[in-house]
Amino acid sequence: MDTSLPQLLYLLATALFILGIKRLSKVKTARSGNGLAALGMLLAIVVTLAAPGAVEIEGVLRPIKLSWQMILVGLAIGAGIGALMAKRIQMTGMPELVALLNGVGGLASTFVALSEFWGRDFGADVTSQNVILGGSVWAVAIILSVMVGTITFTGSLMAMGKLSGKISGNPVVLPGRHILVAGLLFGGLACGYLAGFDANNNADVLMYGLIGCAALFGIVSVLPIGGADMPVVVSLLNSYSGIAASMAGFVIGNPLLIVAGALVGAAGMILTVIMCKAMNRSLLHVLIGGFGGDTASVGGTDATDYEGIKSAGPEEAAMILESATSVIFIPGYGMAVAQAQHVVKELGVELEKRDVTVRYAIHPVAGRMPGHMNVLLAEADVPYEQLWELERINADFKTTDVTVIIGANDVVNPDAIDNPQSPIAGMPILHSHESGTVLMIKRSLSPGYAGIKNPLFERDNCYMCFGDGKEFLSEILTELKEG
Amino acid sequence: MILLLMLFVFVLAIFAGNELISKVPPTLHTPLMSGANAISGITIVGALMCAQFGDEGGVGESIATVLGVCAIVFATINVVGGFMVTDRMLSMFASKKKK
């Protein structure tokens with residue numbers, strides 16, 4: 001085979017990735033975009049397998065070491081596990097799966113770089129001179145690939161643990177953690193530098209040091225971040241995994257990896273910035289952590305101390321809904337926990353039969369990953385046209401009869417507008433308090449992740465509907481159908 | 001020089017990525033994330049190369065091979081799982097369109 005052919009096919013795969021990711025950002029073309037990207041991936045894999053020896057690394061052709069059988073077994077095992085996970089996963093478990101896949105990808109990039117590092121370093125002479133000979137950018141790329149890949153892996157596993165509730169969603173604040181985090185980062189970089197640039201015989205030990213520091217860094221840096229800040233963390237880790245792949249591209253001298261990784265890095269970063277803006281917080285503030293948790297309570301004012309609360313049972317709620325002509329649903333993380341999306345949709349359909357205008361208002365950071373609510377409502381077959389973004393719907397609350405809030409709290413807290421002292425002051429919220437009546441379906445008066453009181457509960461137009469989201473909505477539905 | 005060219009490619013690709021995805025509707029946040037995540041599995045190409053090529057006769061050869069195979073497995077999980085789950089999500093969005 002002509003040696004330039006594989007490279008040209010890699011170029012084609014790169015083009016497919018770029019087209020794919022462009023189409024992924026439009027609703028109509030998203031599915032085909034995903035298909036194109038997958039096609040590009042298939043092409044890249046086939047070319048790599050079909051053209052051994054054609055790809056020169058640093059001008060040296062290296063002999064085939066691994067048998068075809070082993071490669072195919074590796075591919076088959078990976079494909080089997082991946083397919084199984086993709087088929088089995090419930091839509092509510094999507095944030096965990098994305099975090100897991102992300103972590104696994106980061107780990108793969110780490111292994112690629114390590115394999116290169118050890119493949120050479122231990123080769124002819126056992127000194128890291130070889131690494132230096134490989135070129136300084138090459139050494140930097142190995143260090144960064146190992147480091148970012150490992151951070152992505154342990155960070156994603158931590159995020160997954162927090163998302164699935166196996167690790168407390170509350171921020172875990174270690175004493176002196178800023179010093180610890182900075183120390184780990186510096187230690188890792190120092191080990192990496194010495195392993196890559198200092199001619200000595202301890203390169204392998206130093207590499208273990210780098211891996212260890214990076215692994216701990218990933219854990220310690222995600223630990224203090226509260227559960228509700230996970231959308232930011234998940235998309236940031238996604239960006240990291242792209243950077244790690246890109247660095248692996250530098251290591252093996254392949255522009256396809258560099259471009260694809262950089263695209264993913266950019267995509268992840270854009271999402272991260274969108275998420276931060278939706279919370280009116282800086283990325284740095286989120287990463288420093290210590291803010292919010294699943295059940296955090298901020299000292300001083302008692303976040304559960306409410307006066308003049310009105311509550312409504314399912315019958316009353318059904319009556320309120322019966323007399324409405326326009327209804328907006330606001331889903332939050334509580335809907336995901338209660339798996340209430342299907343009942344919400346049924347109730348929506350029932351109301352529409354009665355000529356009620358039904359819409360859904362989606363806050364960008366509702367849930368635990370970017371677009372979480374959209375995925376759940378899509379699973380329940382809610383038409384896309386009924387999902388409204390914050391900017392588009394906020395002016396309409398004034399003219400809406402009833403707003404039904406299911407398991408959302410901080411994203412409807414009017415303190416963000418009224419109280420400049422509030423920790424969430426300035427955060428864009430859904431103006432549900434402006435609608436005629438608010439039905440707040442919630443298990444208790446407990447605060448949301450910000451750990452603060454929500455004055456909406458005390459407003460005259462707000463009724464608290466205590467109970468499990470799914471059960472409560474089913475009861476309303478029964479009442480409506482019978483009545 | 002080759003390394004310098006690779007740096008050029010890297011920087012340009014980041015700019016391209018920013019331009020390509022500057023505006024994303026919220027509905028697509030999750031699919032975009034998981035689709036991009038699958039693309040980051042491109043590191044599989046590196047894994048395949050590492051598994052195929054190695055220095056002859058070195059101590060590190062076997063380590064390199066083992067790491068290479070592990071990398072193949074992990075990267076394949078990332079790629080196959082990522083693309084399939086993204087397609088599953090997007091098919092839910094698409095099915096409603098036909099009604």
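Might you check whether a residue that is among the small types (G, A, S) and crowded, with 22+ Cβ neighbours inside 10 Å occurs anywhere in the stretch A:380-403? Quick ask: steps written out before the conclusion?
Applying the first criterion (among the small types (G, A, S)) to the stretch A:380-403 yields A:380, A:395.
Among the residues that remain, those that are also crowded, with 22+ Cβ neighbours inside 10 Å are: none.
Taking every residue of the stretch A:380-403 in turn, none turns out to be among the small types (G, A, S) and crowded, with 22+ Cβ neighbours inside 10 Å.
From the list A:I243, A:I225, which residue is surrounded by 23 or more Cβ atoms within 10 Å (Cβ to Cβ), touching a helix residue (DSSP H, G or I) at 6+ places or on another chain (Cβ under 7 Å), touching a residue at least 12 places away in the same chain (Cβ under 8 Å) and part of a loop (DSSP other than H, G, I, E, B)?
Numbers: A:I243 fails: part of a loop (DSSP other than H, G, I, E, B).
Exactly one residue qualifies, and that residue is A:I225.
Just one of (1) within 14 Å of another protein chain (Cβ to nearest Cβ); (2) crowded, with 23+ Cβ neighbours inside 10 Å; (3) part of a loop (DSSP other than H, G, I, E, B) fails for A:G448. It is (1).
Examine the stretch B:72-81 for a residue that is modelled with pLDDT under 85 and surrounded by 22 or more Cβ atoms within 10 Å (Cβ to Cβ), and state whether such a residue exists. Within the stretch B:72-81, none of the residues are modelled with pLDDT under 85 and surrounded by 22 or more Cβ atoms within 10 Å (Cβ to Cβ).
Would you pick out the residues in the stretch A:417-431 that are buried (at least 20 other Cβ atoms within 10 Å of the Cβ) and out of contact with any Leu (no Cβ under 7 Å at 6 or more places or on another chain)? Residues satisfying the conditions are A:I424, A:M427, A:I429, A:H431.
A:L287 meets the conditions (1) within 27 Å of A:I179 (Cα to Cα); (2) at pLDDT 75 or above; (3) hydrophobic (A, V, I, L, M, F, W, C); (4) crowded, with 22+ Cβ neighbours inside 10 Å in every case but one. The failed one is (4). Of the listed requirements (1) within 7 Å of chain B (Cβ to nearest Cβ); (2) closer than 27 Å to B:V24 by Cα; (3) modelled with pLDDT under 85, A:L97 misses just one: (3). The condition (being assigned by TED's automatic domain parsing to the domain that holds A:M207, modelled with pLDDT under 85, small (G, A, S) and surrounded by fewer than 24 Cβ atoms within 10 Å (Cβ to Cβ)) is satisfied by just one residue among A:S136, A:S67: A:S136.
The values are calculated or read from the model by the stated rules, or taken from the named source; none is laboratory data. The shown structure was predicted, so the numbers you read here are calculated from the model rather than taken from an experiment. In this analysis, Cβ positions are derived from the backbone assuming ideal geometry, glycine residues included, and neighbour counts consider all displayed protein chains.
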